[in-house]
Amino acid sequence: SIQPVYGAQHPPLDSRLTNNFIKDRSKASGLPMKSKKASSFHEFARSTSDAWDIGDDEDEDFSSSSSSSLQTLNSKVAKATAAQVLENHSKLRVKPERCQPALGDLPTNCKVIKSSSEAQLSRTSEEACVRSPLQKQQSLPLRPVIPLVARISDQNASGAPPMTVREKTRLEKFRQLLSSHNTDLDELRKCSWPGVPREVRPVTWRLLSGYLPANSERRKLTLQRKREEYFGFIQQYYDSRNEEHHQDTYRQIHIDIPRTNPLIPLFQQPLVQEIFERILFIWAIRHPASGYVQGINDLVTPFFVVFLSEHVEEDVENFDVTNLSQDVLRSIEADSFWCMSKLLDGIQDNYTFAQPGIQKKVKALEELVSRIDEQVHNHFRKYEVEYLQFAFRWMNNLLMRELPLRCTIRLWDTYQSEPEGFSHFHLYVCAAFLIKWRKEILDEEDFQGLLMLLQNLPTIHWGNEEIGLLLAEAYRLKYMFADAPNHYRR
């Protein structure tokens, strides 16, 4: 059947003429029906242009298309429709032609109306322009792109706002503590718990990790001595990486380094990868009880970024380290090694044979979650999800694979100010982190969906605000359960 096509070159067919049109089509010669349809469709497509768009050359267009039109349409239909088109256009064009006799004299704000529908649209748009000024077209709202590494100021989920009065006051408090003859480490920890300002983070981290002494007069000599000691280790041990009994260790480090934060250009630079290889190899040689274990490579990155930011004012994650002097690079490397060593001293049983520290922590997490949120715990049991299947990585990498690096740096501000932060408080952070996703967990109703969720949690837009809430919840859980064995066990 013939369906009327609105907005094409010809107006809708008159229903009285449809029968004649069908008869003429059936009488038309020659070609099979399939090819006839195709050819008529292509002719229709070629002849279709803007709706009712007939300009100064309308007669020429009509005459050139008349031969093909007469093959498909009855001549009476063609003449009737053509006359109707011309009549409609002449009526619509009267007003513009009266207003502007010549096209060249048209002012820039005058528009030739081509159809009744367009006339209606133009009227409504003109009325809208009178009511309100034309606004710039806007795309869908997007969250600002947050760099993966903390930049000049601490990153929040909504971007990097200018420093508030409260933040300036906190920064001044830190500077007073750090510049005193003997820094009060207890007070420094108390100030650092809610986060350390970026400007004083390198010195604060060195102090909190026990790498620098509290006495300000001894710091310079201590740094000089420890840096020389580290490069003494390099000179003594690094050449042994090619020896048979160290080859496997070095090979594994060499494989893992490019996988460390692959999305951040900083860590893909050959010079940075060489620094990481030296740090990890020397640590493995000096700690034969554990040696190198996959996951330790991630623990270097926060220290490296923080100590690098001391010398870089711009975007750290894209910074080319070849622009720094050799002495600066050596100091960053040595400081990263010693601070990472201090961290690992407290959690080394995570990396000894069979990793017993991690096994204990995962078991403790399971018991803790069963007391905090029995519904989530039973949901895991129902679909046979073992805590070890997702929480092993949380303990092995200290949540570094679950959070952007800027969030890890903020998290470590608190870990270093909390007693046994990396070994004990981390358990409660993991519990709070798991319960944070309880709705999403309970919505998943199969084993595969649960594991996919837990191994790809959507934290890419997290910033200081989300980490602050997570830490507050972890502190609440610690306060409730750490010193209450009856709450902790069934």
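A few points about this structure:
- Using heavy atoms of the protein chains and a probe of 1.4 Å, the accessible area assigned to Phe303 is about 0 Å².
- Whether region 253-349 is rounded, prolate or oblate, judged on the alpha carbon gyration tensor where a/c under 1.5 counts as rounded: prolate
- Residue order by solvent-accessible surface for Tyr211, Tyr250 is Tyr250, Tyr211, largest first, with ligands and nucleic acids left out and a 1.4 Å probe.
- Here is the list for region 326-396: GluC sites (Glu not before Pro) lying in DSSP coil, each with at most 11 other C-beta atoms within 10 angstrom of its C-beta, are Glu384.
- In a simple Cβ point-charge model (Lys, Arg +1; Asp, Glu -1; nothing else charged), region 354-489 has a dipole of about 300 debye relative to its Cα centre.
- Centre-to-centre separation between the Cα atoms of region 234-285 and those of region 388-463: 27 Å.
- Placing unit charges on the Cβ atoms of the charged side chains and taking the dipole of region 211-346 about its Cα centre, the candidate lying farthest along the positive direction among Ala334, Pro262, Leu223 is Leu223.
- Restricting region 415-452 to GluC sites (Glu not before Pro) that sit in a DSSP loop and have at most 10 other Cβ atoms within 10 Å of their own Cβ leaves Glu445.
- Accessible area, probe 1.4 Å, largest first, for residues His287, His426, His181: His181, His287, His426
- Applying 1/(1 + (r/R0)^6) with r as the Cβ-Cβ distance of Glu167 and His245 and R0 = 45 angstrom yields a FRET efficiency of 0.30.
- Within region 260-324, GluC sites (Glu not before Pro) in DSSP loop having at most 14 other beta-carbon neighbours inside 10 Å: Glu313, Glu314
The values are calculated or read from the model by the stated rules, or taken from the named source; none is laboratory data. Nothing here was measured: the structure is a model prediction, and the numbers come from that model. Don't worry about glycine lacking a Cβ; one is built from the backbone with ideal geometry, like all the others, and counts go over all protein chains shown. Areas reflect the complete protein model, heavy atoms only, side chains present, ligands, DNA and RNA absent. Shrake-Rupley method; radii C 1.70, N 1.55, O 1.52, S 1.80 Å.
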